[in-house]
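A.B. asks: Please read through the structure below; I'll follow up with questions.
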Amino acid sequence: MRILVATDAWHPQVNGVVRTLTMMAEASRALGVDVDFLTPEAFRTFGLPSYRDLRVALPRPAKIASLVAGGQPDSIHIATEGPIGVFVRRYCRKHRLPFTTSFHTRFPEYVSARAPVPESWVWASLRWFHGPSRAVMAATPALAGELRERGFRKVVLWPRGVDTKLFHRRDVDLCQLRPVFLCVGRVAVEKNLEAFLELDLPGTKVIVGDGPARLALQQKYPQAVFLGALQGERLAEVYAAADVFVFPSRTDTFGLVLLEALASGLPIAAFPVSGPTDVIGEAPVGVLSEDLRAACLQALKISRASCVEFASKHTWEASARAFIDHMAVIRAVDTQDEATDWAADRPRFVA
């Protein structure tokens, strides 16, 4: 099977969507499935005014059509609701091609944090976007349940994994006063980093990541250590050198960094909201509390070995298998519908 994934989020962006798609594709190829990508690399892009490092594609319908048709995919998945996602959706609708989508980002909360736009309006546009999808993939049961309650149809589970070959326990010293409380992610308003930086904690606070709020936060919190965006071995080393992973976000749908931290032996301190609760639940690998300071201090007592054991159960192979299975089911149903339509001598996809 050859799957085409359309995404507005792509390298050099460093975020959970890009990591999810990259690791899923790698694991899928090991399972004998080819995953191709339609990304902003194929188009002109521009930087968002409030976030210049985030490039947005300017796709043309004719080129979208050429790239989709030329790839001859067996299945099409639209991963993001940006310009590429919208144009590929339009192409599929025009040519009556089935497609699936996935829900990665809480845009209603992100938009309302930056502009006076009612969240209900954004949710309505998302329901429109995902409405024709044969399957809307969500990372956790809680998120899937919320989407159904908000009127999304055909919601299915697509779990996430972690690369334990890269993220694991190792002896590393950051040469900072311990304990080291680490936060990894985009440095932007929706990540709620000030809730972490304002805490009265012993040791050192370390922030890994870049984004539009970095300069202002560095100036406001000079006692914290900002390392910028890191990837690969360097990122894995910083994880392993810390003592607690702090996740102050209240809007993330999952948080791959949580699994990366746990695989590195780091216990979690976070608010009891969707994301952290979906990842660790009642497992004794973190402390979820509205008192984030207390959660940070209590997390210091958690066994690092327990964190590693918990993370080892989340593999990218399992994630890829779930993704492939969803695509295979849709393809099988479409083939059956096509046969039924031919026998009835009527156009495909007509209800």
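The values are calculated or read from the model by the stated rules, or taken from the named source; none is laboratory data. These numbers were taken from a predicted model, which means no experiment stands behind them. As a convention, Cβ positions derive from the backbone with ideal geometry for all residues, glycine included, and neighbour counts pool all protein chains shown.
A.B. asks: Of the residues 75, 66, which is among the hydroxyl-bearing types (Ser, Thr, Tyr) and either under 27 Å from residue 190 (Cα atoms) or touching a strand residue (DSSP E or B) at 6+ places or on another chain (Cβ under 7 Å) (or both)?
C.D. replies: Testing whether each residue is among the hydroxyl-bearing types (Ser, Thr, Tyr) and either under 27 Å from residue 190 (Cα atoms) or touching a strand residue (DSSP E or B) at 6+ places or on another chain (Cβ under 7 Å) (or both) leaves just 75.
A.B. asks: Quick check on my filter: what residues within segment 126-146 are assigned to a helix (DSSP H, G or I) and at pLDDT 95 or above?
C.D. replies: Residues satisfying the conditions are 126, 127, 128, 129, 130.
A.B. asks: Those residues that are over 24 Å from the mean Cα position of the chain (by Cα) and in a loop (DSSP other than H, G, I, E, B), I need them from segment 152-186; list them, please.
C.D. replies: Within segment 152-186, 170, 171, 172, 173, 174, 175, 176, 177, 178, 179 meet the criteria.
A.B. asks: Something else: Any residue at all in segment 46-65 that's in a loop (DSSP other than H, G, I, E, B), buried (at least 20 other Cβ atoms within 10 Å of the Cβ), free of Cβ contacts under 8 Å to residues at least 60 places away in the same chain and in the same structural domain as residue 125 (by TED's automatic domain parsing)?
C.D. replies: yes
A.B. asks: Please specify each residue of segment 260-279 satisfying the condition of being surrounded by fewer than 24 Cβ atoms within 10 Å (Cβ to Cβ) and assigned to a helix (DSSP H, G or I).
C.D. replies: Answer for segment 260-279, where residues must be surrounded by fewer than 24 Cβ atoms within 10 Å (Cβ to Cβ) and assigned to a helix (DSSP H, G or I): 260, 277, 278.
A.B. asks: Restricting to segment 97-154, name every residue that is among the aliphatic types (A, V, I, L, M), in contact with a Ser or Thr (Cβ under 8 Å, 6 or more places away or on another chain) and crowded, with 20+ Cβ neighbours inside 10 Å.
C.D. replies: 135, 136, 137, 138, 139, 143, listed by residue number.
Residues checked against (1) among the aromatic types (Phe, Trp, Tyr); (2) modelled with pLDDT under 95; (3) surrounded by 21 or more Cβ atoms within 10 Å (Cβ to Cβ):
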{"site": "204", "(1), (2), (3)": "no, no, no"}
{"site": "216", "(1), (2), (3)": "no, no, no"}
{"site": "226", "(1), (2), (3)": "yes, no, no"}
{"site": "238", "(1), (2), (3)": "no, no, no"}
{"site": "246", "(1), (2), (3)": "no, no, yes"}
